[in-house]
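Scroll down for the structure; my scribbles are underneath it.
Nothing in this text is a laboratory measurement; each read-out follows from the coordinates by a stated rule. Since the model is a prediction, treat every value here as computed from it, not as a measurement. All Cβ positions, even for glycine, are placed from backbone atoms using ideal geometry, and neighbour counts span all protein chains on display.
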Amino acid sequence: MHEGATPTVSPLRDRTYRRLFAAQVIALLGTGVATVALSLLAYDLAGDDAGVVLGVALALKMVAYVVVAPVVAGFLQRVERRRLLIGLDLARAACVLVMPFVTQVWQVFALILVLNACSAGFTPTFQAAIPDVLPDEERYTRALSLSRVAYELENLLSPALAAAALLVVSFHALFAVNGIAFLSSAALVASVALPAATPAVRSTAGSVAARLSFGTRRYLRVPRLRALLALNVAVAAASAMVIVNTVVYVRDAFGRDAEVDVAVALGAAGVGSMLAALLMPRILRRLGDRATVLTGGAVLPVGLAATAVLPSYAALLVVWAVLGVGLALVETPAGRLVQRSVTDGDGQALFAAQFSLSHACWLLTYPVAGVLGSVLGLDAVAGILAGVAAVATVGAAALWRKTAPAERVPPRDVRRAARRPAPGRRGRPGPRP
């Protein structure tokens, strides 16, 4: 810290953010526990076809994420966001509390669709509220790091918590735990006053198609966000390889039958991600946003290429940890990139577009990693995904040039004025901002 610098205050010192963060952590842990319960419910209802049931359920989750987030941003922006968050938490609680009583597979699908539709509305709204609660960029950056650590801890701890709970209760009780988690999240959100959001005027007017596409159109007009979308493709390629094929590597490639070996391998990626997230404020101060996310993008194809020549289980752990670092270098600063592009009240629309478009990338890469891995083999699919990540990262660097100006999108009337020649002069208008 240079002389005269003011020490950075932790975002957890802020009462509103502290409660919102607690709500996020509780809901994440509850969701992770419910994922284990859903697997057991699928087996209870479908037996040997449980894998098919889970596959369809996860596909419905991704479809809900891609489709519903723009709908919420386009049609519910004028709903006071604290009420919206509470309502969505209550709806999620109702869904999971009903799950123990379902008797048909189609009922599971219906509840999964509703549950994740609520999550698709909740998450971008929550993300858009945090920079208003923490307007100081340094504190907001630390909040993003905390959120990333919470996400990775959920991945590591939820299965262990579920396993411990199953020693004393049935899996149906896990849904009750998740319901209590969502109710607790709603209570914490209700206990704070959130700054009012100003919806973008053009997002709440015009045709249905215009309102649905408003956030995506604004998103794609910003060079840094177009670059972020390209990096989302690289992230999805690496994430798909880790999530879909870890069990195949551990069981088939390295012949390790213990379930804990799969958990440890997935945990290696989480540990790498958490370490990078904890160091993120320092990294961003040293490198800046562009260099940080492009470095993360460059790590991903290298890690995926190394995956094609793994000699041992120990090497898998190292490569997975490296991929976790690369993922965090891209995903943790993403909120900063979106927030820096907000103007004219379009924050929730931009966060919803980032949420929807990033999950659309995963919706494409998950089946690629699974199907091609089964047909062509792990080495081949690792090489293909490494190529995808490399092209995406190079594209991101080209889309967001180092010399690019600040990319807050000005309102349309300002852009039109900028394009008009000055009174009394002829010639071309100046460059577009």
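Miscellaneous remarks
- Cβ-based net charge around residue 135, under 14 Å, with every Lys or Arg adding one and every Asp or Glu removing one: -1
- Computed extension gain for residue 302 through residue 49, at 0.36 nm per residue and net of the alpha carbon distance, reaches 87.4 nm.
- Descending by average beta-carbon neighbour count within 10 Å, the peptides 369-380, 115-126 line up as 115-126, 369-380, the highest first.
- Annotation: peptides 170-179, 231-240, ranked by per-residue average of other Cβ atoms within 10 Å with the highest first, follow the order 231-240, 170-179.
- Overall Cα dimensions of segment 215-401 - principal axes, largest extent first, Å: 56, 35, 26
- Net charge over other residues, Cβ less than 15 angstrom from the Cβ of residue 118 (K, R count +1; D, E count -1): +3
- Look at 180, 384, 130 and count the other Cβ atoms within 10 Å of each Cβ; fewest to most, that gives 180, 384, 130.
- Label sites at residue 80 and residue 18, each approximated as a point 7 angstrom past Cα along Cα to Cβ, lie 2.5 nm apart.
- Listed from fewest to most Cβ neighbours within 10 Å, the set 283, 26 follows the order 26, 283.
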